[in-house]
Amino acid sequence: MELKKFIIPLIIFLLGLGLTYIGALLKIIHFEIGFFNGNALLSIATFLKVIAVVYVIIMLIVFYNKK
């Protein structure tokens with residue numbers, strides 16, 4: 001299995017991880033810019049991480065069903 005196939009989910013997961021840190025920082029300092037507050041960023045980050053993990057699971061299931 002080529003590891004290059006996992007680049008897209010890895011990027012999505014890392015983006016979610018970065019947004020988690022930024023959202024946590026915004027919650028700690030009680031800062032918000034319109035819609036972008038800590039809660040919104042943490043929700044978006046969690047959604048992105050779940051999408052990345054589900055995408056990898058689907059890729060693995062498809063790969064092992066071909067064998």
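Test residue 29 against the criterion of being of a type in the set (A, V, I, L, M, F, W, C) and either surrounded by fewer than 12 Cβ atoms within 10 Å (Cβ to Cβ) or touching a strand residue (DSSP E or B) at 6+ places or on another chain (Cβ under 9 Å) (or both), and give yes or no. It is true that residue 29 is of a type in the set (A, V, I, L, M, F, W, C) and either surrounded by fewer than 12 Cβ atoms within 10 Å (Cβ to Cβ) or touching a strand residue (DSSP E or B) at 6+ places or on another chain (Cβ under 9 Å) (or both). Restricted to the range 1-17, and to residues there that are touching a residue at least 24 places away in the same chain (Cβ under 8 Å), exposed (fewer than 15 other Cβ atoms within 10 Å of the Cβ) and part of a helix (DSSP H, G or I), the residue that is farthest from the chain's Cα centre (by Cα) is 5.
Within the range 27-38, one or more residues are in contact (Cβ under 8 Å) with a residue 12 or more places away in the chain, over 11 Å from the mean Cα position of the chain (by Cα) and part of a helix (DSSP H, G or I). Summed over the range 25-67, the residues that are at pLDDT below 95 and small (Gly, Ala, Ser) give a count of 3.
The values are calculated or read from the model by the stated rules, or taken from the named source; none is laboratory data. Just so it is clear, the structure is predicted and the values come from calculations on it, not from any experiment. All Cβ positions, glycine included, derive from the backbone under ideal geometry; neighbour counts span all protein chains shown.
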